[in-house]
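See below for the structure under consideration.
The values are calculated or read from the model by the stated rules, or taken from the named source; none is laboratory data. Worth saying up front: this structure is predicted, and the values here are computed from it rather than measured. When we count neighbours, we look across all protein chains shown, and the Cβ atoms used for this are built from the backbone with ideal geometry, even at glycine.
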Amino acid sequence: MTKLRLAIVGAGPAGIYAADILLRTERAFDVSIDLFERLPAPYGLVRYGVAPDHPRIKGVVGALRGVLDRGDIRVFGNVEYGTDITLDDLKRHYHAVIFSTGAIRDADLDLPGITAEGSYGAADFVSWYDGHPDVPRTWTLDAQHVGMIGNGNVALDAARILAKHADDLLTTEIPANVYDVLKTSPVTDVHVFGRRGPAQVKFTPLELREIGELNDVDVVVYDEDFDYDEASREAIATNKQVKVIDRVLQKWRELPSANNAGGSASRRLHLHFWAKPLEVRTDDAGRVTSLVYERTTSDGAGGVIGTGEIREQPLGQLYRAVGYFGSPLPGIPFDERHGVIPNHEGQVLAEDSNDILPGVYATGWIKRGPVGLIGHTKSDASETVSHLVNDQGSWWQPEEPTEEAVTALLESRGVKWTDLDGWHRLDAHEVALGEAEQRERIKVVPRDEMIRISRAE
Ligand SMILES: Cc1cc2nc3c(=O)[nH]c(=O)nc-3n(C[C@H](O)[C@H](O)[C@H](O)COP(=O)(O)OP(=O)(O)OC[C@H]3O[C@@H](n4cnc5c(N)ncnc54)[C@H](O)[C@@H]3O)c2cc1C
């Protein structure tokens, strides 16, 4: 065989890096890649997860775009695996498939009252403020005190967007409807709750520092949280990242706002450590009124135990940022516990037997779980691609491996796919919308409109 016809499903960083790495890998065969993406725009969570006020990270788009613009990967936007194209179709037209479908939804949190009105998953909020076309356009921000459960970067992102004054986001690419809602927010206090201590957080120092730099927002930390035990002291002494985080937090202990004693800003972002959520309380109408939590303490081995001291924080809204979770794909094994496709270094495994499924691969968050930065998807992709290349003997034997057969199939199904030129059109349109208001870009949100602009209809 002289040519590998490969389908990649999911045009986030993992899928795009996998295509790039394969095309640049030394190999004894030619490659032709079709990249399928359910949205009319590529880049996955870089476009629909990374916060709008992180333009530096959004800059990764430049590198991803460079890969696509080389022109050796066919892009099929607005094509959903499982609906518009199936596993049988892929087997008929390709030698193999790599799934790089990432994760978009919130992991569940088993907490009484968590489904109350006014209690939200951070992933939904992120999708909303990043203008994801498949989530409701409206969001209600009607609370003065808002809670955020979680001590990772997504919790900080979402807390920062909630605390920040809308006008300070105006230079970013936030959609107009998002600005309008943020502008009306009555929020005064955002409370971030973590089960463990300051030396065990999952934030990265850069993200943490950022909340100290917000205009007219005071950070509030509490002295009672810094009574370090041996395990915490050891973590600070031996881990550079923890050391920096501790240094940042210690500085904040000296602010007038520490212990909620003063400060001059009109909004506050509180960090509550050693706080294990127990229950979301509601009013008679079922709306969130408070979070009940137990103070915890170190168990000496990196975990926590309850102290029996119960506290209650009145809240009008509550968000949970306890991780993302992958979604199952039709015909493909799924690990329900971890929210990933079961795999060995990217080779997909049968659900019951752990045998390798020929021709089926995974990379990125759907392979490894929803942790890690964009850069990690590169090494991930290398591992998966090296197996794909070495597995040549076990690829599928497609009946119709031509490029035309795929476009004919989508056409016969009436799928309105968008291609790379279409993405360029949409991209240019968004940049032009932004230019008119001295902003880098303004995102087009409704799916229909994205498709119409892409297809020049
Ligand atoms: C809120 C948030 C903020 C983040 N901020 C940062 C940051 O500041 N810096 C950083 O380095 N990393 C950040 N990350 C992490 C980064 O976004 C991920 O590491 C990376 O996006 C994972 O890449 P992926 O390609 O595996 O998945 P994704 O980016 O999720 O891409 C998957 C793609 O697959 C598509 N897809 C899904 N199902 C189908 C289907 N059935 N058919 C066709 N296509 C499908 C999706 O639409 C999506 O485009 C952040 C993540 C989140 C959630």
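A few points about this structure:
- Among the residues of the range 278-300, those identified as surrounded by fewer than 20 Cβ atoms within 10 Å (Cβ to Cβ), of a type in the set (A, V, I, L, M, F, W, C) and under 30 Å from the mean Cα position of the chain (by Cα) are Leu278, Val292.
- Filter pass, Ser290 being at pLDDT 95 or above and in a strand (DSSP E or B): yes
- Only one entry of Asp110, Asp134, Asp168, Asp180 meets the criterion of being acidic (Asp, Glu), more than 16 Å from the ligand (Cβ to nearest atom) and not in a helix (DSSP H, G or I), and that entry is Asp110.
- Qualifying residue in the range 420-427 (condition: among the aromatic types (Phe, Trp, Tyr), at pLDDT 95 or above and not in a helix (DSSP H, G or I)): no
- Of the helices (runs of 4 or more DSSP H) lying entirely inside the range 10-99, those carrying at least 1 residues that are free of Cβ contacts under 8 Å to residues at least 12 places away in the same chain, within 14 Å of the ligand (Cβ to nearest atom) and closer than 26 Å to Ala122 by Cβ are 55-58.
- Number of positions in the range 336-380 that are within 10 Å of the ligand (Cβ to nearest atom) and exposed (fewer than 15 other Cβ atoms within 10 Å of the Cβ): 4
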